[in-house]
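Written out below as structure tokens is the structure these notes cover.
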Amino acid sequence: MRVTRIFGVLVVSASLFLAACQSSASESPSASEAAGSAAPSQVSYEPASVRLQLQWTDQAQFAGYYAAAEQGYYDDVALTVEFLPGGGTIVPQQVGSAPDGPEFTIAWMPKVLEAREAGSDLVHLAQIFQRSATLSVTWADSGITEVSDWAGKRIGAWPFGNELEVLASAQILAGLADGTDFTRVEQDFDMNELIAAQDGCAASDQDCVDVAEAMIYNEWAQLLETPDPNTGELFQPDQFTVFNYNDLGTAMLQDGLWARQSWLDEGNNEEVAMRFLQASFRGWMYCRDNPDDCVQYSVDRGSIWGRGHLAWMMNEINALVWPSPLGVGVLDPVFYGQTVRVSKNAGIIKADPPVDAYDASIAKEALEGVADMDSKGESFQKGTVPVTPGGN
């Protein structure tokens, strides 16, 4: 059945966390004030080098961090930051959990909560994306209009924990189990298997899916950038039915910043973490106000995508980050509660995460250092970016 977004009961201690989050949100100046107009009060810091494990390969998904480097925000806080690309078989929560792993990791929350129950000591420090970007897409003429219609179909979902929203939604919204009620296909990270199903997808056809997983900033754009072989024109949105998990109430948090508790406990590493968050927050403010620059930074990082695709991506990424009602990087306790509830109901985790699964204090201190900047983006309006053939 179709449902509206669910704001479920918060997990144990969430009320205390809400108070902490609300107190961490700094007052925003007028929207006309530039994000990076002035550096925070200069403090003499001990230089440090840190690594950031990206959730995926270099692309505009991470442009705020690139901007922090290119604009000198990491230099302002005496940090040298090395970006570690993800993609393929690189599983960020596993890499970040290793004792010798990177100091900071970008990862989706349900993946990390699952890893924590298996022994990881990753701690949530900041929440950059305020909304989920995951979609499932099918053909408009397929007859698939509800999640319950997935029964007996071939459902595409990526591996390595990227499938969790898809499988959880099937289970919670329609009582459908992977392998019993539908065939889960380990989809490639593109939309070719859905395009192959344009004229129908036989149960025995291994090269097509009835429903494909897509990120609104990436694979959805890939689809719209592709010519329809029947017409020679680019595919149009009205040719598809889109399941948006934010609307269905089963969306879960993505692209949070995590660090190992064992690392945070060493020396002055909590201060290093605060400096990293503060500079990164400034980078995301810069990309909100200067998206074209951040597209160029993504190109300069060697992204495999064309400029047109990256421009679409930057526009969609900004809409996932902004507005940030409690301040950029502050975890929305309602969405946190929803993520935990969906994860528990789907059997991804067994119990509510303990209070020490997150630490709101470091992001709070980081925001205090940029209190004169627009850290909420309350006036943000998503732009319009044209689709370009092939994303070029």
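Any residue in the stretch 316-331 that is open to solvent by less than 20 Å² (accessible area, probe 1.4 Å), over 30 Å from Gly119 (Cβ atoms) and acidic (Asp, Glu)? Among the residues of the stretch 316-331, at least one is open to solvent by less than 20 Å² (accessible area, probe 1.4 Å), over 30 Å from Gly119 (Cβ atoms) and acidic (Asp, Glu), which makes the answer yes. For the stretch 358-379, which residues satisfy the criterion of being touching a Ser or Thr at 6+ places or on another chain (Cβ under 9 Å) and hydrophobic (A, V, I, L, M, F, W, C)? The answer is Ala360, Ala363, Ala366, Leu367, Val370, Ala371, Met373. Number of residues in the stretch 141-174 that are at positive phi and touching a helix residue (DSSP H, G or I) at 6+ places or on another chain (Cβ under 6 Å) equals 1. Of the residues making up the stretch 55-87, those that are in contact with a Leu (Cβ under 6 Å, 6 or more places away or on another chain) and either without any contact (Cβ under 8 Å) to a residue 12 or more places away in the chain or assigned to a loop (DSSP other than H, G, I, E, B) (or both) are Pro85, Gly86.
Table: residues versus (1) surrounded by fewer than 23 Cβ atoms within 10 Å (Cβ to Cβ); (2) in contact (Cβ under 8 Å) with a residue 24 or more places away in the chain.
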site	(1), (2)
Gln278	no, yes
Phe281	no, yes
Val299	yes, no
Arg307	yes, yes
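Considering only residues in the stretch 250-276 that are of a type in the set (D, E, K, R) and part of a helix (DSSP H, G or I), the one that is surrounded by the fewest Cβ atoms within 10 Å (Cβ to Cβ) turns out to be Glu271. Contact annotation: residue pairs with Cβ atoms under 6 Å, 6 or more positions apart or on different chains, pairing a residue in the stretch 140-158 that is more than 14 Å from Phe182 (Cβ to Cβ) with a partner that is part of a loop (DSSP other than H, G, I, E, B) and not charged (D, E, K, R), are Trp158/Gln187.
A search for C-beta distances below 6 Å between a residue of the stretch 99-113 that is at pLDDT below 95 and any residue that is not β-branched (Val, Ile, Thr), counting only pairs 6+ apart in sequence or on different chains, returns nothing.
Which members of the stretch 88-104 meet the condition of being open to solvent by 20 Å² or more (accessible area, probe 1.4 Å) and either of a type outside the set (A, V, I, L, M) or not in a loop (DSSP other than H, G, I, E, B) (or both)? Those that are open to solvent by 20 Å² or more (accessible area, probe 1.4 Å) and either of a type outside the set (A, V, I, L, M) or not in a loop (DSSP other than H, G, I, E, B) (or both): Gly88, Thr89, Ile90, Gln94, Val95, Ser97, Pro99, Asp100, Glu103. Of all residues in the stretch 172-184, those that are within 18 Å of Val342 (Cβ to Cβ) have Cβ atoms under 6 Å from Cβ atoms of residues that are surrounded by 17 or more Cβ atoms within 10 Å (Cβ to Cβ) and among the polar types (S, T, N, Q), 6 or more apart or on another chain, in Ile172/Thr250. When the stretch 288-341 is filtered for residues that are closer than 21 Å to Ala360 by Cβ and not in a loop (DSSP other than H, G, I, E, B), the ones remaining, listed by number, are Leu320, Val321, Gly329, Pro333, Val334, Phe335, Tyr336, Gly337, Gln338, Thr339, Val340, Arg341. Please work out if Asp247 is open to solvent by 30 Å² or more (accessible area, probe 1.4 Å), acidic (Asp, Glu) and closer than 13 Å to Ala60 by Cα. Against the criterion (open to solvent by 30 Å² or more (accessible area, probe 1.4 Å), acidic (Asp, Glu) and closer than 13 Å to Ala60 by Cα), Asp247 does not qualify.
Of all the criteria given as (1) in contact with a Lys or Arg (Cβ under 7 Å, 6 or more places away or on another chain); (2) within 29 Å of Val387 (Cβ to Cβ), the one not satisfied by His309 is (1). Just to be sure before I move on: is Thr138 at negative phi, not aliphatic (A, V, I, L, M) and not in a loop (DSSP other than H, G, I, E, B) in the structure I sent? So Thr138 passes the test.
The values are calculated or read from the model by the stated rules, or taken from the named source; none is laboratory data. Here the structure is a predicted model, which means the values were calculated and not measured. Don't worry about glycine lacking a Cβ; one is built from the backbone with ideal geometry, like all the others, and counts go over all protein chains shown. Just so you know, the surface numbers come from the protein's heavy atoms only, side chains and all, with ligands and any DNA or RNA stripped out. Shrake-Rupley method; radii C 1.70, N 1.55, O 1.52, S 1.80 Å.
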